[in-house]
1. On the basis of being assigned to a strand (DSSP E or B), among the hydrophobic types (A, V, I, L, M, F, W, C) and either modelled with pLDDT under 90 or under 13 Å from the mean Cα position of the chain (by Cα) (or both), does Ile81 make the cut?
2. Can you tell me which residue within region 1-15, out of those that are modelled with pLDDT under 90 and of a type in the set (Gly, Ala, Ser), is farthest from Ile126 (Cα to Cα)?
3. Charged (D, E, K, R) and at pLDDT 95 or above: is that true of Asp43 in this structure?
4. With the requirement that a residue be closer than 13 Å to Asp65 by Cα, assigned to a helix (DSSP H, G or I) and touching a Pro at 6+ places or on another chain (Cβ under 9 Å), what does region 1-13 give you?
5. Take region 86-145 and flag every residue that is over 13 Å from Ser12 (Cα atoms), among the polar types (S, T, N, Q) and at pLDDT below 90.
6. Which pairs do you get when a residue that is assigned by TED's automatic domain parsing to the domain that holds Leu64 and modelled with pLDDT under 95, found in region 16-39, comes within reach of a residue that is charged (D, E, K, R) and not in a loop (DSSP other than H, G, I, E, B), reach meaning Cβ atoms under 8 angstrom, with the pair 6+ apart or on two chains?
Amino acid sequence: MKVVVAIDGRDSAQTALEYILQKKYAEGTQIHLVHVIVPGFADAPVAGIPDVVAEEKKEEQSLLDEMARSLKEKLPVTVYIDMLTGEIADVVAAVCKKYDADEAIVPSHARHGFSRIWFGSVADEIVDAAPCTVIVLKMPQGHPR
């Protein structure tokens, strides 16, 4: 079994980790933890202004490393980490194709109303783009949108 897990911050990592541990994937399962950095105006560091991309990379790398350790301690799985850049749905779909994933796990911010119209739904885009089953996990109540 090959599983791609899209992670975006501590809450999504915790939601995905709880789901994976509850599902108890079999020995030999490959889990690919993926964080995607969306390119934008903050890509080029400017003197005197915090490098938000570098900070995001550092925070997410630490989070992915922590999640990988936890999975390896509790399940007989192999864990890989990918920190990539691009449009989230396209990158997650490409990772699924690259590793011939059986499923993708995507924690969702569950936006509604105007924020869904304005920001769209990355989870919906991944469902449409991925070549495998996509499991969309609902984020905990009270999660900031």
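The values are calculated or read from the model by the stated rules, or taken from the named source; none is laboratory data. These numbers come from a predicted model, not from an experiment. Neighbour counts run over all protein chains shown; Cβ positions are idealised from the backbone, glycine included.
1. The answer is yes for Ile81.
2. Result: Gly9.
3. no
4. Ala13
5. Those that are over 13 Å from Ser12 (Cα atoms), among the polar types (S, T, N, Q) and at pLDDT below 90: Ser115, Ser121.
6. Hits for this filter: His35/Glu60; His35/Asp82; Ile37/Glu56; Ile37/Lys57; Ile37/Glu60.
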